[in-house]
Each structure stands twice: as structure tokens, then as C-alpha cells.
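I have placed the structure first, in the form of C-alpha cells, so that the comments after it can refer back to it.
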Amino acid sequence: MKKYMKKALFALLPAFLVSFMIFIFGPAEIFFSNSTQFEFLFGEFIPELILIGVIVSIVVALIAGALPDKAHSVVIAVIGAIALGGYIQVMFLNKNLDLLGLNPDGAAIPVSSIVIGIIAWGIIIAVFVILALKKEDVIKKLIAFLAILLIGMQLTAMISLIAGAPEDAFKRQEGSWFLSGKDQFAISSKDNVIILVLDFFSNQYVEPVNAKYPGSFDFLHDFTYYSNDECVYFGTYPSLAHMITGCELDTSLTVNDWTKSIWEDQRTTEFFDLIEKSGYRFNFFTPESVYVRGDNDIRILEGMIDNLSNEATNIEADRGAIVKVMTKMSCYRFFPDVIKNVFYIQNSEFSGTVQNSDHGRKHTNSETYAALKEGGLYIEDMPSTINFMHLSGAHEYNNDEFCNPKDNASLEETCKGCLVMVEEYLNQLKALGKYDDSTIIITSDHGGEYDPQVIFFYKKPGETHDVSPVSAAPVSHCELQSTILKTIGAEYASFGSSIDEVGENDARERICYVKKMDRDYPEVPFFEGGKEGNLNVYYVYLYTGTYDDLSKKIEEGPDVIAPMKDSFW
């Protein structure tokens with residue numbers, strides 16, 4: 001028993017090192033580097049993760065203590081190698097690491113990075129195992145030194161992070177401003193403009209979805225389909241901000257400076273003044289207002305976005321879900337590239353971590369569909385309303401063709417389920433008698449890197465067709481503001497043509513920005529500070545014609561490469 005306890009106690013040191021890195025320091029560093037983007041607090045996951053880390057360490061140590069001497073030494077060596085490998089991975093090998101939630105297909109990691117990681121990890125593990133077999137005393141001293149050094153370094157860093165963190169990381173501020181979801185399913189008894197923005201829904205998805213599920217879009221027969229719509233910006237940032245304000249991206253400004261400037265811009269203030277004078281209110285439903293304001297105070301939207309609120313709310317944190325996502329994020333960062341996709345997280349996994357039971361906003365297709373089926377749309381005696389609703393669309397493959405939750409769904413299933421949700425929304429509008437007199441736009445903020453054009457369905461009040469008309473007019477999201485203003489009867493000439501005024505034969509040069517990491521350009525900081533950004537330039541394409549012309553330009557290379565000041569991602 002004495003020998004067993006001695007072996008178990010020694011195993012506890014490297015076991016706790018790995019547990020500390022994965023369950024405690026990793027999540028803490030991730031949290032404090034991104035605290036403004038998380039709705040949960042530090043105290044809502046760290047006690048549980050500390051407990052998990054301690055339990056895992058003890059269990060591993062107890063098991064290792066029961067092994068024969070040689071096996072014990074090898075296991076200890078492997079654990080120590082994993083700790084060193086994880087440290088090197090985080091510090092040096094994650095340079096090309098794909099951002100979590102950025103791609104619906106998971107992490108797109110270069111083969112070269114995977115190979116380098118396998119070689120590095122393989123060498124570390126091999127050296128440690130050989131030392132365990134040949135130089136047992138050396139490996140024990142090395143592991144003890146490594147454990148004390150890394151725990152000491154990371155514990156010091158963690159204390160520093162906690163000491164320097166803002167109060168918001170530990171406590172929710174009373175009277176905080178937020179985008180309320182209270183009226184997300186309310187329909188004005190007067191007039192309505194409804195804009196459903198389905199994230200990451202390229203117009204190149206229409207054909208494969210119809211091929212697998214024939215007639216998927218038939219319910220949109222009253223809508224004109226603009227099959228040649230340019231989103232202008234590949235990425236929810238800055239596309240959402242551009243769609244709402246109409247302001248062009250200024251790459252000479254930082255994210256925070258640009259998102260501040262657009263809400264002070266004359267075009268933006270005039271747009272919202274015209275909306276107000278026309279007797280309308282503008283509601284904006286999105287899970288993250290950071291897309292349109294950067295790190296600026298959300299009150300820069302005050303006076304323009306009408307569902308901005310500071311009403312007291314009932315916040316409920318799902319601690320189990322928070323622990324799960326923080327652990328997966330830490331493992332995604334810690335382990336080699338070859339297995340990173342096991343820990344890849346989509347944005348929807350964060351949606352259930354914190355619930356605002358009073359004014360929560362629905363974003364994923366399945367939760368929006370469930371809310372429609374449960375409570376549904378309802379008519380409210382309020383001013384005429386423009387509801388701009390940002391939904392998950394095809395950004396994450398996490399619902400089946402019936403819009404029920406499903407992990408690892410296909411693109412076609414996700415899109416079909418998304419359309420089922422949209423059809424339910426329209427059917428409820430019809431049941432309320434508000435479909436015919438509503439203006440409805442169904443579009444997306446962006447498509448993919450190589451298929452950035454997006455769907456755009458547009459129905460005017462009273463518009464009916466047996467089959468959806470299709471227009472190949474060279475339109476873009478630059479026409480969105482003028483289309484809205486024309487719809488509500490406001491003066492729109494200074495904002496440009498509305499979408500229905502662009503002719504199919506018009507020769508228009510359009511522009512498309514695609515975010516990239518280009519190693520020929522300097523890296524830039526993350527816009528919230530504290531680390532480097534994942535991207536550093538925009539590839540800018542100018543084209544005249546259709547998607548095929550844009551596709552050729554993308555193959556040939558950008559017309560302009562615009563360096564970023566800092567990176568939103």
C-alpha cells in the first residue's frame with residue numbers, strides 16, 4: 001500500500017498538470033480573452049471545472065498507481081508528453097487555427113499544419129516514452145520540473161487575468177442595455193415590413209436543395225426571386241452593419257472606430273429619421289449586437305433601433321451547458337490539429353447557455369420554429385413595424401428537413417428545415433390576415449467564401465403569383481435601404497435605386513469583399529485586444545455580370561487587397 005500510494009501521488013502531479021491546463025487555465029484564458037462576447041459569467045462555470053479537474057486528476061492517479069513499475073513510468077511519461085505537447089500547440093502551432101463557429105463544415109485546417117502537428121506531438125511522446133524506458137530517474141525529474149514550471153506560470157497568468165478583468169465578467173450589471181426579443185413574434189395591427197435574414201444562405205444552395213427536396217421553394221410563389229444578388233461582404237460582420245446602415249466598410253478604420261462612425265453617419269441618421277417620420281419603428285433581432293457595434297456601448301443604437309431596452313430581466317444560466325462548451329473550446333485549442341474537429345463548436349451551442357426568459361431572442365432555425373409552433377405570431381396594437389430578424393439559416397448544420405434539432409445534418413437538410421420554419425412563419429401571417437398587406441424580404445447576410453452571392457426573395461403588399469418570377473437583375477444589398485424606404489412611402493432617391501428598379505440588362509459593376517488571412521501581409525490585433533486576429537485582409541473583387549463572372553474573378557485573384565487595421569475574428 002505504501003508503494004501504491006507513492007506511485008499514485010507522483011502520478012497526481014502530471015495528471016493535475018493536464019487537468020489544470022484543460023479544465024481550469026484553458027477555459028479561464030479563453031473566457032477573459034473574449035468575456036464581452038459571452039453572456040455567462042466566470043463564476044457560472046469555473047467552480048464546476050475546478051471540481052472536474054481535481055476528480056479527473058485523482059482518478060488518473062489512482063489508476064496509474066496500480067500499474068506495474070514500467071507501465072507506470074510509461075503512462076506518467078505519456079501524460080507529461082501530452083502536457084508539453086498541449087503547451088507547444090497553444091503557444092506555437094495554432095497560428096492557422098480556424099475560428100470556432102466560422103464554418104458550417106467544421107475547421108478548415110491546412111494539411112501542412114496537420115502534418116507538422118503530428119510530427120511535433122509524435123517526437124515529444126516518443127522522447128518521453130524512451131526516457132521512461134531507459135532513464136526512469138531522468139523522466140521523473142523532468143516531469144516534476146515541467147509540472148511545477150507550467151502550473152506555476154499558468155497559475156500566475158490566471159491570477160493576473162482575474163485581477164485585470166472587468167466587473168462585468170463576474171457580475172451582471174443591473175439596468176444593462178440589450179436588444180430585447182419581447183416583440184420578436186409580434187405583428188403590428190397596422191403595416192409591417194418583415195426582413196428574414198438567413199445566415200450563410202448562398203444562392204448556389206437553391207439548386208441542390210431543390211434536387212434533394214423537389215418543390216422546397218414553391219411556397220414562395222408570391223415572391224420575386226432575385227437570383228443575382230450580391231451580399232457585398234462575406235461575413236456577418238460587416239454585412240449586417242452594412243445592410244442596416246448602408247455605410248460602406250472603411251478598412252482604414254479599426255472595427256470599433258468604424259462601427260461607431262456608421263451610427264453617427266448622416267446616411268444612417270437620415271434613414272432612421274425617414275422611418276420615424278413615416279410612422280414606423282425598427283426592431284433588430286440578432287443573438288449578438290457586437291456584429292453592428294463592435295466593442296462600443298450598445299447605446300450607440302439608441303434612437304434608431306427600437307427594441308433596445310434596459311428593463312429588468314430574468315437571466316437563467318445553464319451551468320452544465322456552459323461547462324460543456326468551455327471544455328470543448330479548451331480542448332479545441334489544446335489538442336493537435338488532426339483531432340480538432342472532434343471539439344469544434346458551432347454558435348448554436350452557446351444559444352442555450354444563458355436564457356433570458358423574459359426577453360430572449362430566438363436565433364437557431366429549430367428554436368425559432370419551436371417558438372412559432374408553441375406560441376406563434378400575434379397581433380399587437382403598436383405602430384407600423386419593420387422587423388429585421390437575423391436567424392441562423394445555413395450557417396450551422398444542426399437541424400433536419402423538418403426543422404427539428406439534429407447534429408451533423410447535411411447542407412440540404414439544414415436548408416430544407418430552414419425553409420420549413422419560414423413557411424410556418426408565412427402561414428401564421430396568413431392566419432392573422434397580415435400576409436397580403438405586408439412587405440416581406442427573405443435574404444441572407446452572406447454566402448460562402450467561393451459562393452458569396454445570396455438568396456433574395458421580395459414580396460410587395462398585395463403581390464400574388466402562381467409561380468415565383470425570377471429576375472437576374474444585377475442587384476446587391478446596397479439596394480436594401482432604398483427598397484425599405486420606397487415600401488413605407490418615404491423619400492428614397494438619395495439612397496439609390498430600389499431593388500425592383502434595377503433592370504436585368506443593366507451593366508452594373510458590383511463589389512465583393514472576402515475576408516482572408518494572407519501571410520504576405522502583417523498580422524493585425526483582435527479588435528477587443530489581448531491577442532492577434534485570425535484574419536488580416538479583405539480580397540476585393542469588382543465584377544460585371546452574374547455569379548459565374550464573380551466565380552471567375554475569385555479564381556483569377558482579387559482586384560484589390562485591402563489590409564485590415566484589426567480583425568473582428
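Pull out the extension gain between THR156 and ALA144, defined as 0.36 nm times the separation in residues minus the alpha carbon to alpha carbon distance; nm, one decimal.
That pair, THR156 and ALA144, stretches by 2.5 nm at full extension.
Restrict the search to segment 134-171; then list the trypsin sites (Lys or Arg not before Pro) that DSSP places in a loop and that have at most 15 other Cβ atoms within 10 Å of their Cβ.
Passing both the DSSP loop test and the Cβ count: LYS135, LYS171.
When the label point is put 7 Å from the Cα of GLU207 along its Cα-to-beta-carbon vector, which residues of segment 530-552 have a backbone N closer than 12 Å?
547-548
Given DSSP loops and a limit of at most 13 other Cβ atoms within 10 Å, what is the longest stretch of the chain that contains no such GluC sites (Glu not before Pro)?
The longest such stretch corresponds to 312-490.
Under a point spin-label approximation (7 Å from Cα along Cα-to-Cβ), what is the GLU555-ALA126 distance to one decimal in nm?
Label at GLU555, label at ALA126, 4.2 nm between them.
Stretch ALA108-PHE92 to full length: gain in nm at 0.36 nm per residue minus the Cα-Cα span?
Taking ALA108 through PHE92 to full extension adds about 3.9 nm, to one decimal.
Is any residue of segment 435-478 close enough, with backbone N under 17 Å, to a label point placed 7 angstrom from the Cα of THR544 along the Cα-Cβ axis, and if so, which?
Answer for segment 435-478: 473-476.
Identify, among LEU274, ILE499, HIS477, the residue whose Cα sits farthest towards the positive end of the charge dipole of the chain, taking +1 on the Cβ of Lys and Arg and -1 on the Cβ of Asp and Glu, with the dipole about the Cα centre.
HIS477
May I ask you to compute the full-extension gain from GLU167 to GLU48, defined as 0.36 nm times their residue separation minus their alpha-carbon distance, rounded to one decimal in nm?
Additional length available on full extension: 40.8 nm.
Quickly work out the MET1-to-LYS135 label distance, labels modelled 7 Å from Cα along the C-beta direction, and quote it in nm with one decimal.
About 3.7 nm separates the two model spin labels.
Step by step: find N for the chain, compute 2.2 N^0.38 Å, then divide the Cα radius of gyration by it. What's the final number?
Dividing the Cα Rg of the chain by 2.2 N^0.38 Å gives 1.08.
Projected onto the charge dipole of segment 2-169 (+1 at Lys/Arg Cβ, -1 at Asp/Glu Cβ, origin at the Cα centre), which of ALA108, LEU17, LEU131 gives the Cα projection farthest towards the positive end?
Going by the Cα projections, it comes out as LEU131.
Applying the Karplus parametrisation 6.51 cos²θ - 1.76 cosθ + 1.60 with θ = phi - 60° to the phi angles of segment 548-554, what ³J(HN,Hα) value in whole Hz is obtained for each residue in order, glycine and proline being reported as x?
Karplus values, whole Hz, x for Gly and Pro: 4, 5, 5, 4, 5, 5, 5.
Cut-off is 10 Å between beta-carbons; in what order do MET5, MET389 appear when sorted fewest neighbours first?
MET5, MET389
To the nearest 0.05, what FRET efficiency results for THR269 and SER410 with a Förster distance of 35 Å applied to their C-beta separation?
So the FRET efficiency works out to roughly 0.20.
Order of ARG510, ARG519 from fewest to most other C-beta atoms within 10 Å?
If I rank by nearby Cβ atoms, fewest first, I get ARG519, ARG510.
What 222 nm value per residue comes from the helices of the chain, counting each DSSP H run with n ≥ 4 as -39,500 (n - 2.57) and dividing by all residues, nearest 500 deg cm²/dmol?
-13000 deg cm²/dmol
Using a Förster distance of 41 Å, how high is the FRET efficiency between ALA493 and ASP381, based on the Cβ-Cβ distance and rounded to 0.05?
0.80
Where both residues lie in the chain, what percent of DSSP beta bridges are antiparallel, nearest 5?
Antiparallel bridges: around 50 percent, rounded to the nearest 5.
With +1 on the Cβ of every Lys and Arg and -1 on the Cβ of every Asp and Glu, and nothing else charged, how large is the dipole of the chain about its Cα centre, in debye rounded to the nearest 20?
The calculated dipole for the chain is roughly 3500 debye.
Could you give the dipole magnitude of segment 2-169 about its Cα centre, charging the beta-carbon of Lys and Arg +1 and that of Asp and Glu -1, in debye to the nearest 20?
1240 debye
Let me know the Rg and Dmax you get for segment 2-169 when you use only its Cα atoms, in Å.
Spelled out, the Cα radius of gyration and Dmax of segment 2-169 are 17.8, 53 Å.
Show the residues, 5+ positions off or on another chain, whose built amide H is closer than 5 Å to the amide H of ASN307.
Excluding prolines and chain starts, which carry no amide H, the hits are PHE284.
Tabulate in residue order the Karplus-calculated ³J(HN,Hα) for segment 137-146, using 6.51 cos²θ - 1.76 cosθ + 1.60 with θ = phi - 60°, rounded to whole Hz; enter x for Gly and Pro.
Listing the rounded values in order: 5, 5, 5, 5, 5, 5, 5, 4, 5, 4 Hz.
When the dipole is taken about the Cα centre of segment 287-326, and only Lys, Arg (+1) and Asp, Glu (-1) are charged at their Cβ, what size is it in debye, to the nearest 20?
Computed charge dipole of segment 287-326: roughly 200 debye.
Read-outs: derived from the displayed coordinates by stated rules, not from any lab. What you see is a predicted model, and the numbers here were worked out from it, not measured in a lab. Neighbour counts run over all protein chains shown; Cβ positions are idealised from the backbone, glycine included.
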